[in-house]
Amino acid sequence: MIRTTKDMTLPTAVVGSIPRPAWFRESLHGRPFKVALEDATYRDQYLDTVSCNLRMQEMAGLDIYSDGDARFDLDVGGRSWFLYPIERLNGVQGFKDTSHWMDLAQLRPGHILHEVQEAYQAPSVVQQLSRGPLHFTPIWKVAQRQASKPVKLGTISSACLPMMLWNEHYPSDRELTLDVAAIMNEELKELAAAGCPVIQIEEPPQHFACYASQPATEKDLEFLTDVFNREVDGVETEIWAHTCWGNPNQQSFYWDKPSYEKALPYLLQLNADVLTFECASSDGQDLPLFGKYETDKKIAIGVVTHTVTTVESPDRVADLIRRALEYIPADRLVITTDCGFGREGLSRRIAQYKMVSLVQGTNMVRRELGLPEAYVPIADPKFAFTPPPDA
(Lines give C-alpha, C1' and ligand atoms only; values in the text may rest on other atoms or scores of the structure.)
Protein backbone atom coordinates (compact mmCIF):
# COMPACT_ATOMS: atom_id res chain seq x y z
CA MET A 1 0.00 0.00 0.00
CA ILE A 2 2.33 2.71 -1.27
CA ARG A 3 1.09 5.92 0.28
CA THR A 4 3.92 7.95 1.75
CA THR A 5 6.32 7.55 -1.18
CA LYS A 6 3.60 7.35 -3.84
CA ASP A 7 4.34 10.74 -5.39
CA MET A 8 7.99 10.96 -4.35
CA THR A 9 10.82 10.48 -6.83
CA LEU A 10 14.16 9.47 -5.33
CA PRO A 11 12.97 10.02 -1.72
CA THR A 12 15.68 9.89 0.95
CA ALA A 13 15.70 8.31 4.40
CA VAL A 14 17.94 6.56 6.90
CA VAL A 15 17.28 2.98 7.95
CA GLY A 16 16.76 3.76 11.62
CA SER A 17 19.28 4.03 14.43
CA ILE A 18 21.33 7.15 15.19
CA PRO A 19 24.18 7.17 17.74
CA ARG A 20 23.13 8.19 21.24
CA PRO A 21 24.11 11.60 22.58
CA ALA A 22 26.73 11.29 25.33
CA TRP A 23 24.33 12.86 27.80
CA PHE A 24 21.59 10.24 27.24
CA ARG A 25 22.64 8.04 30.17
CA GLU A 26 19.30 6.61 31.29
CA SER A 27 17.87 3.30 30.06
CA LEU A 28 14.53 1.51 29.99
CA HIS A 29 15.96 -1.53 31.81
CA GLY A 30 12.97 -3.60 30.76
CA ARG A 31 10.34 -1.08 31.81
CA PRO A 32 7.32 -0.42 29.59
CA PHE A 33 7.97 2.72 27.55
CA LYS A 34 5.12 4.76 29.03
CA VAL A 35 6.09 3.72 32.55
CA ALA A 36 9.67 4.89 31.92
CA LEU A 37 8.32 8.28 30.85
CA GLU A 38 7.03 8.73 34.42
CA ASP A 39 10.70 9.03 35.39
CA ALA A 40 11.44 12.75 34.93
CA THR A 41 15.13 12.22 34.18
CA TYR A 42 14.50 9.49 31.61
CA ARG A 43 11.66 11.51 30.07
CA ASP A 44 13.81 14.61 29.59
CA GLN A 45 16.74 12.69 28.14
CA TYR A 46 14.58 10.57 25.85
CA LEU A 47 12.43 13.41 24.49
CA ASP A 48 15.46 15.62 23.94
CA THR A 49 17.28 12.81 22.12
CA VAL A 50 14.36 12.21 19.77
CA SER A 51 14.14 15.94 19.11
CA CYS A 52 17.87 16.12 18.33
CA ASN A 53 17.67 13.06 16.05
CA LEU A 54 14.82 14.60 14.08
CA ARG A 55 16.65 17.92 13.83
CA MET A 56 19.77 16.16 12.48
CA GLN A 57 17.69 14.68 9.68
CA GLU A 58 15.99 18.00 8.96
CA MET A 59 19.40 19.70 8.75
CA ALA A 60 20.48 17.05 6.22
CA GLY A 61 17.39 17.54 4.05
CA LEU A 62 15.97 14.00 4.31
CA ASP A 63 12.42 13.31 3.13
CA ILE A 64 11.38 10.59 5.61
CA TYR A 65 12.54 10.62 9.22
CA SER A 66 13.34 8.07 11.93
CA ASP A 67 13.27 8.61 15.68
CA GLY A 68 16.78 7.16 15.71
CA ASP A 69 15.62 4.04 17.59
CA ALA A 70 16.02 6.10 20.76
CA ARG A 71 14.03 3.55 22.78
CA PHE A 72 16.87 1.04 22.61
CA ASP A 73 19.23 0.86 25.59
CA LEU A 74 22.97 1.31 25.10
CA ASP A 75 23.75 -2.41 25.13
CA VAL A 76 26.73 -4.26 23.67
CA GLY A 77 26.33 -4.99 19.98
CA GLY A 78 22.81 -3.60 19.66
CA ARG A 79 21.33 -6.24 21.98
CA SER A 80 18.24 -4.10 22.54
CA TRP A 81 17.24 -4.57 18.92
CA PHE A 82 16.38 -8.13 19.93
CA LEU A 83 15.54 -7.61 23.59
CA TYR A 84 13.23 -4.58 23.38
CA PRO A 85 10.32 -6.71 22.10
CA ILE A 86 11.42 -9.88 23.91
CA GLU A 87 11.44 -8.20 27.33
CA ARG A 88 7.86 -7.10 26.72
CA LEU A 89 6.35 -10.45 25.73
CA ASN A 90 4.36 -12.44 28.27
CA GLY A 91 5.66 -16.01 28.60
CA VAL A 92 9.39 -15.20 28.67
CA GLN A 93 11.57 -15.42 31.76
CA GLY A 94 15.14 -15.85 32.98
CA PHE A 95 18.37 -15.84 31.03
CA LYS A 96 20.84 -18.44 29.86
CA ASP A 97 24.52 -17.77 29.38
CA THR A 98 24.41 -18.04 25.62
CA SER A 99 22.09 -17.68 22.63
CA HIS A 100 21.44 -19.28 19.27
CA TRP A 101 23.20 -16.27 17.81
CA MET A 102 26.40 -18.11 18.77
CA ASP A 103 25.59 -20.60 16.00
CA LEU A 104 25.75 -18.01 13.23
CA ALA A 105 29.51 -18.00 12.85
CA GLN A 106 32.57 -19.90 14.04
CA LEU A 107 34.03 -17.06 16.06
CA ARG A 108 36.89 -17.35 18.56
CA PRO A 109 38.18 -15.09 21.33
CA GLY A 110 40.01 -12.14 19.84
CA HIS A 111 37.26 -11.36 17.30
CA ILE A 112 35.03 -8.42 18.15
CA LEU A 113 31.88 -10.38 17.29
CA HIS A 114 32.91 -13.10 19.76
CA GLU A 115 32.68 -10.47 22.48
CA VAL A 116 29.28 -9.41 21.15
CA GLN A 117 28.16 -13.04 21.27
CA GLU A 118 29.33 -13.37 24.89
CA ALA A 119 27.21 -10.38 25.83
CA TYR A 120 24.01 -11.82 24.34
CA GLN A 121 22.27 -13.60 27.22
CA ALA A 122 19.04 -15.14 25.98
CA PRO A 123 15.86 -15.76 28.00
CA SER A 124 13.59 -18.81 27.81
CA VAL A 125 10.04 -19.20 26.53
CA VAL A 126 8.28 -21.08 29.34
CA GLN A 127 4.63 -20.75 28.28
CA GLN A 128 2.56 -19.65 25.31
CA LEU A 129 3.58 -16.15 24.30
CA SER A 130 1.13 -13.26 24.43
CA ARG A 131 1.31 -9.57 23.72
CA GLY A 132 2.80 -7.32 26.37
CA PRO A 133 3.45 -3.56 26.61
CA LEU A 134 5.37 -3.03 23.35
CA HIS A 135 4.01 0.54 23.07
CA PHE A 136 4.97 1.07 19.42
CA THR A 137 2.16 3.58 18.96
CA PRO A 138 3.20 6.00 21.73
CA ILE A 139 6.85 5.65 20.66
CA TRP A 140 5.91 6.77 17.14
CA LYS A 141 3.63 9.55 18.40
CA VAL A 142 6.43 11.07 20.50
CA ALA A 143 8.48 11.49 17.32
CA GLN A 144 5.77 12.36 14.81
CA ARG A 145 4.35 15.21 16.90
CA GLN A 146 7.78 16.85 16.74
CA ALA A 147 8.31 16.35 13.01
CA SER A 148 7.08 18.17 9.92
CA LYS A 149 7.76 15.14 7.69
CA PRO A 150 6.69 11.48 7.89
CA VAL A 151 8.34 9.46 10.65
CA LYS A 152 9.06 5.80 9.94
CA LEU A 153 9.07 3.27 12.79
CA GLY A 154 11.13 0.11 12.43
CA THR A 155 11.18 -3.14 14.36
CA ILE A 156 12.93 -6.50 14.17
CA SER A 157 11.33 -9.21 12.04
CA SER A 158 9.52 -11.95 13.96
CA ALA A 159 11.63 -14.54 12.16
CA CYS A 160 14.77 -13.17 13.85
CA LEU A 161 13.56 -13.33 17.45
CA PRO A 162 13.97 -17.12 18.02
CA MET A 163 17.74 -16.56 17.64
CA MET A 164 17.57 -14.82 21.03
CA LEU A 165 15.12 -17.18 22.74
CA TRP A 166 15.43 -20.66 24.22
CA ASN A 167 12.28 -22.60 23.40
CA GLU A 168 11.17 -24.57 26.46
CA HIS A 169 7.45 -24.66 25.66
CA TYR A 170 6.57 -24.99 21.97
CA PRO A 171 6.81 -28.28 20.06
CA SER A 172 9.00 -26.51 17.47
CA ASP A 173 10.62 -23.17 16.77
CA ARG A 174 8.29 -22.78 13.81
CA GLU A 175 5.26 -22.69 16.10
CA LEU A 176 7.07 -20.27 18.36
CA THR A 177 7.87 -18.01 15.42
CA LEU A 178 4.29 -18.01 14.14
CA ASP A 179 3.02 -16.96 17.57
CA VAL A 180 5.53 -14.09 17.65
CA ALA A 181 4.34 -13.03 14.18
CA ALA A 182 0.71 -13.01 15.37
CA ILE A 183 1.61 -10.87 18.40
CA MET A 184 3.59 -8.40 16.30
CA ASN A 185 0.74 -8.26 13.80
CA GLU A 186 -1.61 -7.03 16.53
CA GLU A 187 0.87 -4.34 17.56
CA LEU A 188 1.54 -3.20 13.99
CA LYS A 189 -2.18 -2.99 13.15
CA GLU A 190 -2.65 -0.66 16.10
CA LEU A 191 0.35 1.43 15.02
CA ALA A 192 -0.93 1.75 11.45
CA ALA A 193 -4.43 2.63 12.65
CA ALA A 194 -2.91 5.46 14.70
CA GLY A 195 -1.54 6.98 11.49
CA CYS A 196 2.07 5.81 11.29
CA PRO A 197 2.94 6.49 7.61
CA VAL A 198 5.71 3.89 7.21
CA ILE A 199 6.40 0.71 9.19
CA GLN A 200 9.71 -1.01 8.54
CA ILE A 201 10.18 -4.72 9.28
CA GLU A 202 13.89 -5.35 9.77
CA GLU A 203 15.89 -8.32 8.59
CA PRO A 204 13.57 -10.93 7.18
CA PRO A 205 16.51 -13.39 7.18
CA GLN A 206 16.17 -15.09 3.79
CA HIS A 207 19.50 -13.71 2.58
CA PHE A 208 21.37 -14.83 5.69
CA ALA A 209 19.67 -18.23 5.56
CA CYS A 210 21.07 -18.83 2.09
CA TYR A 211 24.62 -18.56 3.47
CA ALA A 212 24.19 -20.40 6.79
CA SER A 213 26.48 -23.33 7.64
CA GLN A 214 23.49 -25.47 6.67
CA PRO A 215 21.91 -23.42 3.86
CA ALA A 216 18.14 -23.03 3.97
CA THR A 217 16.00 -25.30 1.84
CA GLU A 218 13.28 -24.04 -0.45
CA LYS A 219 10.70 -24.93 2.23
CA ASP A 220 12.70 -22.99 4.83
CA LEU A 221 12.75 -19.90 2.63
CA GLU A 222 9.04 -20.23 1.89
CA PHE A 223 8.37 -20.43 5.63
CA LEU A 224 10.36 -17.26 6.31
CA THR A 225 8.36 -15.47 3.63
CA ASP A 226 5.11 -16.75 5.14
CA VAL A 227 6.14 -15.49 8.60
CA PHE A 228 6.77 -11.99 7.23
CA ASN A 229 3.47 -11.93 5.38
CA ARG A 230 1.57 -13.07 8.47
CA GLU A 231 3.27 -10.34 10.48
CA VAL A 232 2.06 -7.56 8.15
CA ASP A 233 -1.31 -9.06 7.18
CA GLY A 234 -3.96 -6.35 7.40
CA VAL A 235 -1.49 -3.65 8.45
CA GLU A 236 -2.91 -0.70 6.54
CA THR A 237 0.08 1.51 5.84
CA GLU A 238 3.23 1.58 3.70
CA ILE A 239 5.48 -1.37 4.61
CA TRP A 240 9.25 -1.44 4.14
CA ALA A 241 11.36 -4.58 4.49
CA HIS A 242 14.96 -3.81 5.42
CA THR A 243 17.84 -6.18 4.66
CA CYS A 244 21.57 -5.81 5.21
CA TRP A 245 24.59 -7.98 5.97
CA GLY A 246 24.90 -7.27 9.68
CA ASN A 247 25.30 -4.45 12.15
CA PRO A 248 26.24 -5.69 15.66
CA ASN A 249 28.65 -3.07 17.00
CA GLN A 250 28.81 -1.62 13.46
CA GLN A 251 30.27 -4.89 12.19
CA SER A 252 29.19 -6.77 9.10
CA PHE A 253 29.29 -10.56 9.20
CA TYR A 254 31.11 -10.50 5.85
CA TRP A 255 34.06 -8.44 4.65
CA ASP A 256 33.38 -9.46 1.05
CA LYS A 257 29.62 -9.10 0.75
CA PRO A 258 27.64 -12.09 -0.52
CA SER A 259 25.08 -11.59 -3.25
CA TYR A 260 21.35 -11.28 -2.64
CA GLU A 261 20.79 -13.36 -5.78
CA LYS A 262 19.70 -16.61 -4.06
CA ALA A 263 17.28 -14.84 -1.73
CA LEU A 264 15.89 -12.21 -4.09
CA PRO A 265 13.01 -14.30 -5.55
CA TYR A 266 11.77 -14.94 -2.00
CA LEU A 267 12.26 -11.35 -0.87
CA LEU A 268 10.18 -10.20 -3.83
CA GLN A 269 7.33 -12.35 -2.50
CA LEU A 270 7.18 -10.34 0.73
CA ASN A 271 4.03 -8.25 1.16
CA ALA A 272 6.11 -5.10 1.40
CA ASP A 273 5.93 -1.93 -0.65
CA VAL A 274 9.64 -1.10 -0.39
CA LEU A 275 12.55 -3.54 -0.19
CA THR A 276 15.87 -2.15 1.06
CA PHE A 277 19.25 -3.57 0.08
CA GLU A 278 22.79 -2.91 1.26
CA CYS A 279 24.61 -1.53 -1.79
CA ALA A 280 27.21 0.98 -0.57
CA SER A 281 29.50 -1.58 1.07
CA SER A 282 29.44 -3.81 -2.02
CA ASP A 283 29.79 -0.91 -4.46
CA GLY A 284 26.51 -1.88 -6.06
CA GLN A 285 27.52 -5.42 -7.06
CA ASP A 286 23.89 -6.61 -7.04
CA LEU A 287 22.33 -3.72 -8.95
CA PRO A 288 22.05 -5.73 -12.22
CA LEU A 289 19.81 -8.24 -10.40
CA PHE A 290 17.04 -5.67 -10.25
CA GLY A 291 16.83 -5.65 -14.01
CA LYS A 292 16.08 -9.39 -14.11
CA TYR A 293 12.79 -9.38 -12.20
CA GLU A 294 9.55 -7.55 -12.86
CA THR A 295 8.02 -6.04 -9.73
CA ASP A 296 5.84 -3.12 -8.76
CA LYS A 297 7.67 -2.76 -5.46
CA LYS A 298 9.97 0.14 -4.81
CA ILE A 299 13.63 -0.68 -4.28
CA ALA A 300 15.68 1.21 -1.70
CA ILE A 301 19.45 1.13 -2.09
CA GLY A 302 21.95 1.93 0.61
CA VAL A 303 24.39 4.56 -0.62
CA VAL A 304 26.35 5.15 2.60
CA THR A 305 27.62 2.43 4.92
CA HIS A 306 27.44 2.08 8.70
CA THR A 307 30.66 0.03 8.92
CA VAL A 308 33.16 2.67 7.71
CA THR A 309 33.81 5.95 9.49
CA THR A 310 34.94 7.82 6.36
CA VAL A 311 32.04 9.89 5.00
CA GLU A 312 31.22 9.03 1.40
CA SER A 313 31.46 11.94 -1.01
CA PRO A 314 28.32 13.23 -2.78
CA ASP A 315 30.00 12.26 -6.07
CA ARG A 316 30.30 8.65 -4.90
CA VAL A 317 26.66 8.62 -3.79
CA ALA A 318 25.52 10.11 -7.10
CA ASP A 319 27.51 7.55 -9.10
CA LEU A 320 25.85 4.67 -7.25
CA ILE A 321 22.40 6.16 -7.86
CA ARG A 322 23.12 6.62 -11.57
CA ARG A 323 24.13 2.99 -11.86
CA ALA A 324 20.98 1.92 -10.00
CA LEU A 325 18.86 3.89 -12.47
CA GLU A 326 20.13 1.61 -15.25
CA TYR A 327 18.01 -1.15 -13.69
CA ILE A 328 15.41 0.57 -11.49
CA PRO A 329 13.09 3.33 -12.78
CA ALA A 330 13.44 6.64 -10.95
CA ASP A 331 9.85 6.50 -9.71
CA ARG A 332 10.58 3.17 -7.98
CA LEU A 333 13.98 4.03 -6.49
CA VAL A 334 14.44 5.06 -2.85
CA ILE A 335 17.76 6.33 -1.48
CA THR A 336 18.78 5.27 2.01
CA THR A 337 21.61 3.93 4.16
CA ASP A 338 22.94 0.37 4.18
CA CYS A 339 21.75 -0.03 7.76
CA GLY A 340 21.23 2.04 10.89
CA PHE A 341 24.16 4.01 12.30
CA GLY A 342 23.93 2.13 15.60
CA ARG A 343 24.57 3.35 19.13
CA GLU A 344 28.23 2.43 19.69
CA GLY A 345 30.43 2.50 16.63
CA LEU A 346 29.97 5.85 14.89
CA SER A 347 29.97 9.35 16.32
CA ARG A 348 26.92 11.53 15.85
CA ARG A 349 28.98 13.92 13.73
CA ILE A 350 29.96 11.18 11.31
CA ALA A 351 26.36 9.97 11.10
CA GLN A 352 25.20 13.55 10.48
CA TYR A 353 27.54 14.08 7.56
CA LYS A 354 26.79 10.70 6.03
CA MET A 355 23.14 11.84 5.93
CA VAL A 356 24.21 15.14 4.36
CA SER A 357 26.27 13.39 1.69
CA LEU A 358 23.37 11.03 0.98
CA VAL A 359 21.09 13.98 0.22
CA GLN A 360 23.70 16.02 -1.63
CA GLY A 361 24.50 13.08 -3.92
CA THR A 362 20.79 12.51 -4.51
CA ASN A 363 20.40 16.20 -5.34
CA MET A 364 23.08 15.89 -8.02
CA VAL A 365 21.04 13.19 -9.76
CA ARG A 366 17.77 15.06 -9.21
CA ARG A 367 19.30 18.06 -10.94
CA GLU A 368 20.32 15.91 -13.92
CA LEU A 369 16.77 14.52 -14.15
CA GLY A 370 15.15 17.95 -13.87
CA LEU A 371 13.64 17.15 -10.47
CA PRO A 372 13.31 19.50 -7.49
CA GLU A 373 16.25 19.38 -5.10
CA ALA A 374 16.03 19.13 -1.33
CA TYR A 375 17.25 22.05 0.74
CA VAL A 376 20.16 21.02 2.97
CA PRO A 377 20.35 23.64 5.74
CA ILE A 378 23.66 22.44 7.16
CA ALA A 379 25.27 22.87 3.71
CA ASP A 380 23.93 26.37 3.03
CA PRO A 381 27.07 28.49 2.48
CA LYS A 382 25.31 31.62 3.79
CA PHE A 383 25.57 30.20 7.29
CA ALA A 384 29.21 29.13 7.18
CA PHE A 385 31.46 31.14 9.51
CA THR A 386 33.61 31.87 6.47
CA PRO A 387 31.39 31.62 3.37
CA PRO A 388 33.15 30.46 0.18
CA PRO A 389 33.81 33.13 -2.46
CA ASP A 390 30.95 31.97 -4.71
CA ALA A 391 28.31 32.06 -1.94
Checklist entry - Which of the following residues is over 22 Å from the mean Cα position of the chain (by Cα) and over 27 Å from S252 (Cβ atoms): V92, V142, V50? => result V92
Checklist entry - Could we say that S157 is over 16 Å from the mean Cα position of the chain (by Cα) and modelled with pLDDT of 90 or more here? => result no
Next on the checklist: Could you check region 262-285 and list, in sequence order, the residues that are over 27 Å from R230 (Cβ atoms) and either touching a Ser or Thr at 6+ places or on another chain (Cβ under 7 Å) or not hydroxyl-bearing (S, T, Y) (or both)?
Outcome noted: C279, A280, S281, D283, G284, Q285
Next on the checklist: Residues to consider are A122, A159; find the one that is in contact with a His (Cβ under 8 Å, 6 or more places away or on another chain), aliphatic (A, V, I, L, M) and surrounded by 15 or more Cβ atoms within 10 Å (Cβ to Cβ).
Outcome noted: A122
Checklist entry - If the Cβ limit is 9 Å and pairs must be 6+ apart or interchain, which residue in region 352-381 that is farther than 18 Å from I301 by Cβ pairs with which residue that is among the hydroxyl-bearing types (S, T, Y) and crowded, with 21+ Cβ neighbours inside 10 Å? => result E373/T362
Item to check | Total residues in region 361-386, condition in a helix (DSSP H, G or I) and surrounded by 12 or more Cβ atoms within 10 Å (Cβ to Cβ) | outcome: 11
Item to check | Output for region 116-156, where each listed residue is small (G, A, S) and within 25 Å of M8 (Cβ to Cβ) | outcome: A143, A147, S148, G154
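Yes/no matrix, rows are residues, columns are (1) acidic (D, E); (2) touching a residue at least 60 places away in the same chain (Cβ under 8 Å); (3) out of contact with any strand residue (DSSP E or B) (no Cβ under 7 Å at 6 or more places or on another chain); (4) within 30 Å of M56 (Cα to Cα):
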| position | (1), (2), (3), (4) |
| --- | --- |
| Y120 | no, no, yes, no |
| P138 | no, yes, yes, yes |
| P171 | no, no, yes, no |
| K189 | no, no, yes, yes |
Next on the checklist: Tell me whether region 74-90 contains one or more residues that are closer than 21 Å to P197 by Cα, of a type in the set (A, V, I, L, M, F, W, C) and in contact with a Phe, Trp or Tyr (Cβ under 9 Å, 6 or more places away or on another chain).
Outcome noted: no
Item to check | Inter-residue pairs, beta-carbon under 9 Å, first under 20 Å from Q214 (Cα atoms) and in region 88-116, second at pLDDT 80 or above and among the hydroxyl-bearing types (S, T, Y), 6+ apart | outcome: S99/Y120; W101/Y120; M102/Y120
Checklist outcome for this item: Filtering region 125-134 down to residues that are closer than 17 Å to W81 by Cα and either in contact with an Asp or Glu (Cβ under 9 Å, 6 or more places away or on another chain) or part of a helix (DSSP H, G or I) (or both) yields G132, L134
Checklist entry - Just for helices (runs of 4 or more DSSP H) wholly inside region 32-112: which have at least 3 residues that are in contact with a strand residue (DSSP E or B) (Cβ under 9 Å, 6 or more places away or on another chain)? => result 40-60, 79-86
Item to check | Check on V198, crowded, with 20+ Cβ neighbours inside 10 Å, within 25 Å of T5 (Cα to Cα) and either under 19 Å from the mean Cα position of the chain (by Cα) or not small (G, A, S) (or both) | outcome: yes
Next on the checklist: Could you check region 233-250 and list, in sequence order, the residues that are part of a loop (DSSP other than H, G, I, E, B) and charged (D, E, K, R)?
Outcome noted: D233, E236
Item to check | Options S148, S66: the member that is of a type in the set (S, T, N, Q), touching a residue at least 40 places away in the same chain (Cβ under 8 Å) and crowded, with 20+ Cβ neighbours inside 10 Å | outcome: S66
Next on the checklist: Anything in region 297-344 that is in contact (Cβ under 8 Å) with a residue 40 or more places away in the chain, surrounded by fewer than 20 Cβ atoms within 10 Å (Cβ to Cβ) and in contact with a Pro (Cβ under 9 Å, 6 or more places away or on another chain)? List them, or say none.
Outcome noted: Y327, E344
Checklist entry - Name the residues in region 217-265 that are acidic (D, E), buried (at least 22 other Cβ atoms within 10 Å of the Cβ) and in contact with a helix residue (DSSP H, G or I) (Cβ under 7 Å, 6 or more places away or on another chain), would you? => result E231
Item to check | Total residues in region 142-161, condition part of a helix (DSSP H, G or I) and in contact with a strand residue (DSSP E or B) (Cβ under 9 Å, 6 or more places away or on another chain) | outcome: 5
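The values are calculated or read from the model by the stated rules, or taken from the named source; none is laboratory data. Since the structure is predicted, the reported quantities are computational estimates derived from the model, not experimental observations. Here Cβ is always computed from backbone atoms with ideal geometry, including for glycine, and neighbour counts include all displayed protein chains.
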